[in-house]
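Right, one structure below, let's go through it.
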Amino acid sequence: MTHPSAIYVVIPAYKEAARLGLTLASLDKNLYTVVVVDDGSPDATRAIAYNAGVWVIRHPINRGQGAALKTGIDFAVAQGADYIVTFDADGQHDAREIPALLQPLLEGRADIVLGSRFIGKTINMPWSRYLTLKLAVLFTRIVSQIHVSDTHNGFRAMTRDAAAALVLHQDRMAHASEILDEIQRLKLRYLEVPVTIRYSQDTMEKGQSSLAAVRIAWQFLIGRLFK
Amino acid sequence: MNAFQYLASTLLFLILAYDLYRSRQRLLRGFVLLRVSVWLYAIAAICAPLTFVQPFATFLGIARAADLVTYLFALLFIASSFYFYGRCLRLERDITALTRSIAISQASHRFHRPDPDIGNDHH
């Protein structure tokens, strides 16, 4: 069994002062080394993370969720992480499900484990979001040629080697599709694990609108041209 | 020549003169010569399109010189859009890489690497 501190939980956060405290409280600091990447938030996100006793990395300017995630992953790899879990700051994910994500990695059955709300469960998911995510799955199957049930789920776990090998250029939301592309390119062994995603009024207001999916698809496709 | 030809050729001539003045120290360099040639050809094409554009249009199988100019501009627009989009994207990536490097070098932790800029809340 790996030493607990070698499991890093990377949390990209932007303007999450209202929700980050609860998210960090749900994570056991004795089990995981938590890293919050504050993506240039103008609010108290950084101070809340700092006072929670976790690692805080602050982008001096806002660069997007994908950029923040990559910063956290790079930091975790440089610090000697054996396993890296990516986790949302807004309380949509359930920290009690982290062991289930890590299990296939610890058993050597996968290089990267993807959380799936469609084989797990969702709470209060609007139908428009359901439809958008299903279209995203179809898009990914056509473009990236990878058969997954959930494409834009930020709840994942990966080994150190897989994390170090990922080449991510997408700074904004298209990074989720780019990670799937990278899994295919690098021929990483992947598994999907059921997870729970909880939607609330707060997270829906702050999250991406369903129309933003078009912009994300465009960013992903154009980013592929300029690798 | 019509009024547009007079106006456009005068404007292009002034631009050419300014360009020559700015580049007077390095007139014989390849890129400056190319630029000067483009200005001169543009002036010639506007003043005498039948002499300087129509033969190319006929050679390429396009009936009118005006159509050739339209097609060329359409192609140039697409090419330059991609070029500048690509440059912009690469610049964005460089900014992200720089931001990341600065951020990681300044990583802080309340117990392991305190940040003097943030007041500790012990409650």
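Between region B:1-76 and region A:160-203, the C-alpha centres lie 51 angstrom from each other. Per residue of peptide B:106-115, the mean number of Cβ atoms on other chains within 10 Å of the residue Cβ is 5.
For region A:39-129, what's the relative contact order in percent, using C-alpha pairs closer than 8 Å and at least 6 residues apart?
On the way: 38 pairs, mean separation 15.2, N = 91.
Once divided by the residue count of region A:39-129, the mean separation gives 17 percent.
The lysines within cross-link reach of A:K187, meaning a Cα-to-Cα straight distance under 26 Å and a gap of 8 or more places when in the same chain, are A:K70, A:K134, A:K227.
Each helix, a run of at least 4 DSSP H residues, gives -39500 (n - 2.57); summed and divided by the residues of the protein assembly as shown, these come to -16500 deg cm²/dmol at 222 nm. Measuring only protein heavy atoms, the 1.4 Å probe finds B:L68 accessible over about 20 Å².
Given a Förster radius of 22 Å and the C-beta distance between B:V38 and B:Y85 as r, what FRET efficiency does 1/(1 + (r/R0)^6) yield to the nearest 0.05? Once rounded, the FRET efficiency stands at 0.40.
Grab the alpha carbons of the protein assembly as shown, take their convex hull, and tell me the volume per residue in Å³.
It is 221 Å³ per residue.
Per residue, the convex hull spanned by the alpha carbons of region A:71-124 comes to 104 Å³. Counted by Cβ distance under 13 Å from A:L168, the other residues give a net charge of +4, where Lys and Arg count +1 and Asp and Glu count -1.
Rounded to the nearest 10 degrees, the angle from helix B:3-22 to the longest Cα principal axis of chain B is 50 degrees. Over all other residues within a Cβ to Cβ distance under 13 Å of B:S23, the charged ones net out to +4, with Lys and Arg as +1 and Asp and Glu as -1. Global size of chain B: 27.0, 85 Å for Rg and Dmax (C-alpha atoms, Rg to one decimal, Dmax whole). Put simply, the amide H of A:G120, placed in the peptide plane, has neighbours under 5 Å in A:V195, leaving out anything fewer than 5 places away on its chain. Within the accessible area of chain A, the carbon and sulfur atoms contribute 56%, probe 1.4 Å, all protein chains present.
Ignoring aspartates and glutamates fewer than eight residues from A:K29 along the same chain, the ones with Cα atoms less than 19 angstrom from its Cα are A:D38, A:D82, A:D88, A:D90, A:D94, A:E97, B:D121. Region A:211-226 and region A:35-105 have Cα centres separated by 24 Å.
The values are calculated or read from the model by the stated rules, or taken from the named source; none is laboratory data. Values in this document were obtained by computation on a predicted structure and should not be read as measured data. Here the Cβ is made from the backbone with ideal geometry for all residues, glycine too, and neighbour counts use every protein chain on show. Please note that ligands, DNA and RNA were not included when accessible areas were found on the heavy atoms of the full protein model with its side chains. Shrake-Rupley method; radii C 1.70, N 1.55, O 1.52, S 1.80 Å.
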